[in-house]
Amino acid sequence: MKRNYELASLVLRRVLGALPVLLIVSLITFGMMRLIPGDPSSIIGGLSATPAQLAQIRSDLGLDEPFTVQLLRWYGGLLHGNLGRSILMGPGT
């Protein structure tokens, strides 16, 4: 019984120790994605997109919100297993 407790304690310590690293890595990754030049809405909308369509795409993706709100929503989705929209798999994935 003591051995099971020690093993569970070790696993718990490792998981708790990994959480700050995962948070920092995800924050850096999220920030780097926002530093890429260009507007994602213009890429999604294409060359013929109107300003109204671009604004709608920004609104749908949450790109019109502050960085911190976007980050908190992303973390919230991550906790629910939602990793975001896939450009490769298409809408609704």
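The values are calculated or read from the model by the stated rules, or taken from the named source; none is laboratory data. Just so you know, these numbers come straight off a predicted model, no measurement behind them. Here the Cβ is made from the backbone with ideal geometry for all residues, glycine too, and neighbour counts use every protein chain on show. Just so you know, the surface numbers come from the protein's heavy atoms only, side chains and all, with ligands and any DNA or RNA stripped out. Shrake-Rupley method; radii C 1.70, N 1.55, O 1.52, S 1.80 Å.
As a summary of the residue check, residue 58 satisfies the conditions (1) at pLDDT 90 or above; (2) open to solvent by 100 Å² or more (accessible area, probe 1.4 Å) except for the one numbered (2). Restricting segment 1-10 to residues that are open to solvent by 80 Å² or more (accessible area, probe 1.4 Å) and of a type outside the set (S, T, N, Q) leaves a set whose member that is nearest to the chain's Cα centre (by Cα) is 7.
Residues in segment 50-69 that are touching a residue at least 12 places away in the same chain (Cβ under 8 Å) and not aliphatic (A, V, I, L, M): 58, 67.
Just one of the listed residues (22, 47, 16, 35) is over 25 Å from residue 86 (Cα atoms) and free of Cβ contacts under 8 Å to residues at least 12 places away in the same chain, namely 16.
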